[in-house]
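Participant: Okay, here's the structure, questions in a sec.
The values are calculated or read from the model by the stated rules, or taken from the named source; none is laboratory data. On a predicted model such as this, the values are computed, not experimentally measured, just so you know. With ideal geometry, Cβ positions are generated from the backbone for all residues, glycine too; neighbour counts draw on all protein chains shown. These accessible areas exclude ligands, DNA and RNA; they are computed on the full protein's heavy atoms, side chains included. Shrake-Rupley method; radii C 1.70, N 1.55, O 1.52, S 1.80 Å.
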Amino acid sequence: MMLVLLVSLLGLQAQVKYEMHYYVAPDTTNHYLHVTLDYQQGLKVGDDTSEKMPNTRELVLNMPRWAPGYYQILDFAKHLCDFSATDSKGNPLTWRKDGLNRWRIQLPEDHCAKVSYRIYANERDVASSRVEPNIAFVAPPGVFMHVDGDIQHPVTVTFQMPQHWQHIATGLRPHVDDTNTFTAPDFDTLYDSPLLLGNYYTSHFAHEGHDYEFALETPDGVEECGLQDAFKRIVSAATQLMGHVPYDKYCLIHMGKGVGGLEHLNSQACYTDGHYRFSSRRAHVKFLAFVAHEYFHLYNVKCIRPTELWPLDYDREAITPMLWVSEGLTCYYEFRLLQYAGITTTDEALELLSTYFSLYAPYDGQRHMSLRQSSYDIWLNFMNTDDNARDVRVNYYFKGPVIGLLLDVAIREKTAQQQSLDDVMRLLYNRYYLELKRGFSEEEFWAAVAEVAGDSLPEMCRLVDTTADIDYDRLLAPAGLRIDTTDWSIRRIASPNKSQQAFLKAMRL
């Protein structure tokens, strides 16, 4: 009943070869992950002799304090207990804590150590681990430590499953010789690859040259609701939109009843209602928008990424004013993808977007916090449930997609429907992710908008950084849309002129 993780590291800075073997055993009764690390440090890279090179006698291990996409300091180390370290003969080694998430261990002469600890895994959120009798969800940032300052190391993961457990689902690459072994090029990839172990519904299929896996903890109704067909259509729509697929395999991990979803480069991990039997067409469409949101994140935030989020620092907050792009525009593309996929009607698409508008427009918070500031301060407010929230704050999940619509309309108007926000997203993806292999700055985002629109669109910039009232009807008029303040919905105007009709047709509204 052991879950075994083998981690092979190559220390480039010190030119030293590190070997790390993690062994993790799920305690399916008491909700623990028992972790043991066998560590060896020693040979020069490329050295043909067995001579040990002089090196530090201290091993420093770090555990992340947050998980990418979950903008809150979680201090995963709070779930850790019973830390110990011994040499290869079982003799205790001296160690000490250095801060909340760092351990310093004095190594013996042979540079070998065995480190052990337990992780309490009983959280029902997408950033934390959970162990139960027939299933384990493993969120790697809260389980595995990396060598301080050496995040870029190849990782190999091997699982020895409990005898009655049947499946392993993850976005990690499988090893060629062992179906229970997976590899990753570095700890960034490991931390971005959740794992579902145990007994659950699973489905493997190919689509447009790529492999896919569904891993569903509570699959009741999944066949009847046509999730696989809808997901394929979402994938095809996103591929046509972006012109590229950045993965070989994608894994959709859906767990039982709970709240939230978390995006990853080649997977998504989400809680559901515990079934796929939807009470109405509206509920079904809302769920598919949720799936499309997490899927489109593999482009927008995992690839198209603000500079503050690349490279990642797991020790401290990654503060950026651009999460309204990463999250808000992803909310906008929920309904765009469902449109492009032919899943929603025009009325359903507008209803999806109107829902976001109604969640912030009637409230006073927009007069106290700008969209840009909401991005910057998310580390204070991600799980802030103060009663005055709607009175003093705005949520980029709600206002962001509406600004996305306004930006899309402005670009289309400036270019006589020849360009759109889609072209901005493709430009950012191709230039900064594929070509330059880095994130984009705030200035570069607006430069990309100006390049596509042929105009700097200063009013759009101001909308992001303003707390003043916005003249929505004026800005939406070119597209033949208006705001109905009786229910804060976005509607088509009663009698659009020819230009507005053409606009609505081009936007599939």
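Participant: Taking every DSSP beta bridge with both residues inside region 172-305, roughly what % is antiparallel (nearest 5)?
Facilitator: 55 percent
Participant: May I ask you to evaluate 6.51 cos²θ - 1.76 cosθ + 1.60, the Karplus curve with θ = phi - 60°, for each residue of region 77-87 and list the ³J(HN,Hα) values in order in whole Hz, giving x for glycine and proline?
Facilitator: Working through the residues one at a time gives 4, 5, 8, 8, 9, 6, 5, 8, 9, 9, 7 Hz.
Participant: Here is a further query. For region 368-461, which trypsin sites (Lys or Arg not before Pro) are both in a DSSP coil and crowded by at most 12 other Cβ atoms within 10 Å?
Facilitator: Taking region 368-461 and a limit of 12 other Cβ atoms within 10 Å, the loop trypsin sites (Lys or Arg not before Pro) found are K437.
Participant: Which entries of K17/K89; K286/K399; K17/K302; K302/K414; K286/K414; K249/K399 have Cα-Cα distances beyond 25 Å here?
Facilitator: As for pairs spanning more than 25 Å Cα to Cα, those are K17/K302; K302/K414; K286/K414; K249/K399.
Participant: Okay, next question. Answer rounded, prolate or oblate for region 160-287, using the Cα gyration tensor with square roots of eigenvalues a ≥ b ≥ c: rounded when a/c is under 1.5, else prolate when a/b is larger than b/c, else oblate.
Facilitator: oblate
Participant: While we're on this one: Order the peptides 119-130, 221-232, 293-304, 22-33 from the highest to the lowest mean number of other Cβ atoms within 10 Å of their residues.
Facilitator: Listed from highest to lowest mean packing, they are 293-304, 119-130, 22-33, 221-232.
Participant: State in Å² the accessible area per residue of the chain; use a 1.4 Å probe, count heavy atoms of protein chains only, and round to the nearest integer.
Facilitator: Normalised by residue count, the accessible surface of the chain is 42 Å².
Participant: What lysines could a cross-link reach from K78, if we take a straight Cα to Cα line under 23 Å and drop same-chain neighbours fewer than 8 places away?
Facilitator: K97, K114
Participant: Measure off, as a whole percent, the carbon and sulfur share of the 1.4 Å-probe accessible area of the chain, all protein chains present.
Facilitator: Answer for the chain is 48 percent, counting heavy atoms of protein chains only.
Participant: Out of these labelled values of P(r) over Cα pairs in 20 Å bins from 0, in percent, [x] 21, 52, 24, 3, 0; [y] 15, 30, 24, 17, 9, 4, 1; [z] 19, 42, 27, 10, 1, 0, which was calculated from the coordinates shown here?
Facilitator: Here P(r) over Cα pairs in 20 Å bins from 0, in percent agrees with entry [x].
Participant: Can you tell me which of 66-75, 262-271 comes out highest on packing, and rank the rest after it, using the mean Cβ neighbours within 10 Å?
Facilitator: Ranking, from highest mean packing down: 262-271, 66-75.
Participant: In degrees, nearest 10, range 0 to 90: what is the angle between the Cα axis of helix 329-340 and the longest Cα principal axis of the chain?
Facilitator: The two axes meet at around 70 degrees.
Participant: Of the beta bridges DSSP finds with both residues in the chain, what % are antiparallel, to the nearest 5?
Facilitator: Bridges in the chain are about 85 percent antiparallel.
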